Amino acid sequence: MAGKFDYLNRGKRRNKLFSALKYIFLFFVIYSAVTHFFISSYSVNSSSMKPLYNSSQKILVSPLVYGSSIPLLNIKLPGLKKPERGDVLVLAKGRKSNFFVDILDNFLGFLSFRKISLATLTGDRNTKQYYVRRLVGLPGDTIKINNYNISIKPDQKEYFVSEKKIINRKYDIIKNSTSEDMSNTDPFFGSYDEIFLKKNEYLLAGDNRKVSFQSGYYIKTDISSFKGMVLFKYWPLQKK
C-alpha cells in the first residue's frame, strides 16, 4: 500500500510540474507576442540620452508605432506613423541573429525582468545590443556635425538649418560631459564630414553628445533596426 501511495504522490507531483511548465510556456508565448508587436520594456544602459533619461531607468517602447515584423516571414506590418525628426526610439545594433537566437534573448529577458540579455551574459559586444537615441536625420537629408552641433539640409533644400530649428520638439543637449577615455586631442572631436542619407537611411544621435560619441555618437541605419518608439519612463517613479 505504501508503495502504491508513493507512486500516486509522485504522479500528482509530476502532473503539477507539467501543469506549471505548461502555464509558464503559455505565459511566455503571450509575453513574446505582446512585446514583439505591441509594447515592451527596456533598460537605459548608458548616459547617452541625459538629461532626458539616466542610466538604469526603465522605459516603455511600442513597436506598433513604426510597424512590427512577422518572425520567419520577413514581412513588415504597417505602422501607425512614419519616423519623424525628434522621435526617441530604441534600435538594435550588432551581429545579425536568427529567429531562435532572438527567442533565447527574449526568454532571458522574460526570466530576469529585462535585466539580462545575451550581450550582458556573454560579454560579446558583437552580440545584438539595444540603444536609445533621438532621430535627427531622414532619408534624403544631408547632415553636418561641427563641435557636436548638428545642422540639417533636407532633401531638395539648398541650405543647412540647425537641428533645433527644424525639429519641432523641445529637448536639451549636453555637450560638456567628459569621459576619462576622451580628450580634446581625439581625432574628429565632435566634428564629421557631411553625411548624406540615402533611401531608407536615418541618422540618430544621443542628447548627451560627448558620451554618445564614445558609444556610437551618430548611428546611420535603416528602419529595420528600429525596435520601437519610446513612450515614457516608468521606473524609478521619482524624478532623478
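Please treat every number below as a calculation from the coordinates, not as lab data. This is a predicted model, so every value here is computed, not measured. A quick note on method: Cβ atoms are made from the backbone with ideal geometry, for glycine too, and the neighbour counts reach across all protein chains shown.
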Angstrom value of the Kirkwood radius, inverse mean 1/r, which spans all Cα pairs in the stretch 36-117: 14.3 Å
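For each of Val101, Val61, count neighbouring Cβ atoms within 10 Å of the residue's Cβ, then give the residues from fewest to most. Spell out each step's value before the answer.
Working: Val101 14, Val61 23.
Listed from fewest to most nearby Cβ atoms, that is Val101, Val61.
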